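Engineer: Input: one structure, supplied below.
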Amino acid sequence: MSDQQQNRFQVDLRGLIDLLSQHLYSGPEVFVRELLQNAVDAIRARQQLDLGHVGTIEIEVVESRSGPPTLVFQDDGVGLSEQEVHQFLATIGQSSKRGNVARRPDDFLGQFGIGLLSSFMVTNQISVLTRSAREGDHPAVEWRGNTDGTYSVRPLKREIPCGTQVFLQPAEGFEEFFEPQRILNLARNFGEFLEPRIVLNSGGQTQVVNGDAPWAEWPVDPDEREQLLDYGRTTFERDFLDVIPLRSTAGSVTGVAYVLAQAVHAGARQRHRVYLKDMLLSNEAHDLLPEWAFFVQCVLNARGLRPTASRESFYKDRVLEDTQEELGGCLRRYLVEMARTQPNRFKQLIAVHHLAAKALAIDDDECLELFADWFPFETSLGTMTLGEYRQQHPVVRYVASRDQFRQIAQVAASESLAVVNAGYVYEVEILQRLGAIRPDIRVEPFDADQLSERFEELTQQEREETIEFERLADVTLQRFKCAVEIAKFHPTELPALYVADENSGFMRSIEQAQDVTEGVWTDVLGSLAQDVPSTYARLYLNYGNPLIHRICHLADERGQQRSIEMVYVQSLLLGHFPLKQSEIKLLNEGLLGLIDWAVTTDRGHE
């Protein structure tokens with residue numbers, strides 16, 4: 001094995017540039033961020049040598065009458081010696097910010113050694129003039145790199161200040177990235193909160209790029225609330241209800257969260273504006289807050305999180321998880337304090353973002369106990385908060401699905417029975433957990449069978465009048481696995497109530513699926529149906545309803561059957577049950593049958 005030849009990997013620079021532009025970076029504009037990053041790190045490295053060094057970054061767009069403009073990035077940072085130029089600029093993946101830990105400030109932005117290559121996405125050649133500020137006599141050096149993978153290095157005879165100058169001219173098709181206004185917008189987007197002073201010189205004018213960050217002072221002064229809200233409106237182009245200061249020891253994160261002015265659906269992913277050591281990392285970060293915090297949009301600055309190579313997201317590790325937990329704790333404490341000290345403001349917030357508060361409460365007993373009475377619920381007697389419900393009703397009764405609620409809501413309301421529709425996200429868990437941790441609150445599931453116990457019983461005479469009709473109705477709907485029972489209930493305008501328990505409802509779903517499938521899936525569904533206990537749905541016919549009363553006393557059995565079928569279909573539609581193919585067929589045939597029966601009956605009277 002000792003005679004094996006050792007070879008080095010060959011790097012195709014054009015292929016690497018394509019990889020950067022198509023897969024690593026989100027777009028060519030990130031070259032501005034990478035140049036700013038290198039300049040900032042160079043200044044911070046020089047500040048290790050000279051504690052009094054302030055540092056400045058100058059960007060200049062030099063127009064040309066005969067050719068394309070030249071973009072110049074200049075910093076008065078630590079610079080590079082000729083040896084370092086060969087080592088760091090000509091070796092892909094090698095970075096001056098990684099090797100010597102003792103020399104590396106904690107606030108360096110970059111570490112991967114590929115940032116300068118991003119400029120090749122917009123130019124065919126990169127020219128660098130640099131002079132090292134470290135001890136010793138280091139002459140200025142010029143480095144030129146090309147997209148074909150070649151580069152040249154030569155010492156300069158003329159003197160230049162310590163630091164680095166980068167010169168770029170646009171490649172064909174990328175001229176727009178060298179327009180002064182575009183450069184100013186990009187520099188402000190990425191570097192508006194960086195600490196070294198950054199200026200743009202163009203057309204004889206000098207414009208300052210950066211300024212103070214929202215997290216510059218901690219804790220946030222309450223008097224600055226309106227100023228911060230204005231910043232949020234400008235940044236995200238939307239209105240907000242409130243602003244919440246955020247801080248996490250893990251990840252060294254500070255910033256603010258803006259409470260959305262409009263409700264959003266559970267699990268919505270908000271776009272957060274996230275900075276790493278004052279440099280913009282992403283406008284669309286999603287992983288810094290718990291899933292339940294979908295009601296806020298944040299501006300955050302992290303100093304202790306690890307960026308990915310693209311510098312557009314964070315590396316997922318334990319530190320990121322701890323950061324997420326701490327930031328979630330900030331939001332939680334804010335809500336708890338508001339509920340205790342500012343109930344009117346909290347009521348307004350809950351009216352908009354009760355879903356987020358419920359998502360938090362299902363995993364936090366303290367929040368659940370504190371927030372529960374503020375949560376709004378749909379009930380058979382209208383929408384009310386749980387606190388309002390409990391003031392009027394000693395037992396919290398709920399149904400677990402919207403379908404169940406639609407079946408019973410009208411009848412329950414007529415009986416002045418308050419039933420909660422817990423068919424929305426989190427609500428069953430909220431009620432069940434509340435009943436478990438609060439022994440003074442009775443929480444009970446409710447179903448239509450309990451509702452039927454409140455129906456008015458038929459008199460003995462009425463029972464005798466309807467016994468044959470009930471038998472006929474039962475036989476008529478037998479093929480639909482529906483049993484019939486005659487009762488009297490309110491409202492009398494409702495002719496019938498269709499009730500399906502969990503098993504019969506599941507069987508309806510299977511049969512509907514079988515209507516639209518074939519082959520192996522039909523067999524699979526059939527196998528599922530065999531494992532479900534056979535139960536019938538129930539159709540309650542309201543004997544207090546004039547229509548049902550007349551159908552019951554029809555002398556024509558054929559007319560009664562057609563009428564029963566139509567009442568059955570109508571009760572399904574009122575309960576928002578999708579019709580199976582057999583029921584759609586029944587509806588069509590029943591309508592025609594009723595017309596035929598009515599015409600035939602009319603002729604019989606002629």
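Derivation of every value follows stated rules applied to the coordinates shown; laboratory data play no part. Being a predicted model, the structure only gives us computed values, none of them experimental. For neighbour counting, all protein chains shown are included, and Cβ atoms are generated from backbone atoms with ideal geometry for every residue, glycine included.
Engineer: Exactly which chymotrypsin sites (Phe, Trp or Tyr not before Pro) in the stretch 316-383 are in a DSSP loop and have at most 15 other Cβ atoms within 10 Å? Walk me through the intermediate numbers first.
Structural biologist: Numbers: sites: Y334, F346, F371, W374, F377; in loops: none.
Loop-located and lightly packed - none at all.
Engineer: So if I place +1 on the C-beta of Lys and Arg and -1 on the C-beta of Asp and Glu, and nothing else carries charge, what would the dipole magnitude of the stretch 375-452 be about its Cα centre? I want it in debye, nearest 20. Could you put the intermediate results ahead of the total?
Structural biologist: Values: 7 positive and 10 negative charges, 32 e Å.
Its charge dipole is roughly 160 debye.
Engineer: Still on this model: Reachable aspartates and glutamates from K481, Cα under 18 Å, same-chain residues fewer than 8 places away excluded?
Structural biologist: D449, E470, D501, E502, E511, D515, D531, E565, E583
Engineer: Any idea how far the Cα center of the stretch 261-280 sits from the one of the stretch 550-579, in Å?
Structural biologist: Taking the Cα centre of the stretch 550-579 as reference, the centre of the stretch 261-280 is 54 Å away.
Engineer: Please sort 55-64, 552-561 by packing, taking for each peptide the average over its residues of neighbouring beta carbons within 10 angstrom, highest first. If you can, show how the numbers build up before the last one.
Structural biologist: Details: 55-64: 17.9, 552-561: 15.0.
The packing order, highest mean first, is 55-64, 552-561.
Engineer: Residue by residue through the stretch 248-259, what is 3J(HN,Hα) from phi via Karplus (6.51 cos²θ - 1.76 cosθ + 1.60, θ = phi - 60°)? Round to whole Hz and write x for glycine and proline.
Structural biologist: For the stretch 248-259, the Karplus curve yields 9, 5, 5, x, 6, 9, 10, x, 9, 10, 9, 7 Hz.
Engineer: Please state the charge dipole magnitude for the stretch 420-465, taken about the Cα centre, from unit charges on C-beta atoms (+1 on K and R, -1 on D and E), reported in debye and rounded to the nearest 20.
Structural biologist: 500
Engineer: Which of Y424, Q391, Q404 sits closest to the plus end of the dipole of the stretch 375-452, meaning its Cα is farthest towards the positive end, when Lys and Arg get +1 and Asp and Glu get -1 on the C-beta?
Structural biologist: Q391
Engineer: While we're on this one: Are there GluC sites (Glu not before Pro) in the stretch 255-336 that DSSP puts in a loop and that have at most 16 other Cβ atoms within 10 Å, and which ones? Please list the in-between numbers first.
Structural biologist: On the way: sites: E284, E291, E312, E321, E325, E326; in loops: E291, E312.
For GluC sites (Glu not before Pro) across the stretch 255-336 that sit outside H, G, I, E and B with at most 16 neighbouring Cβ atoms in 10 Å, the list reads E291.
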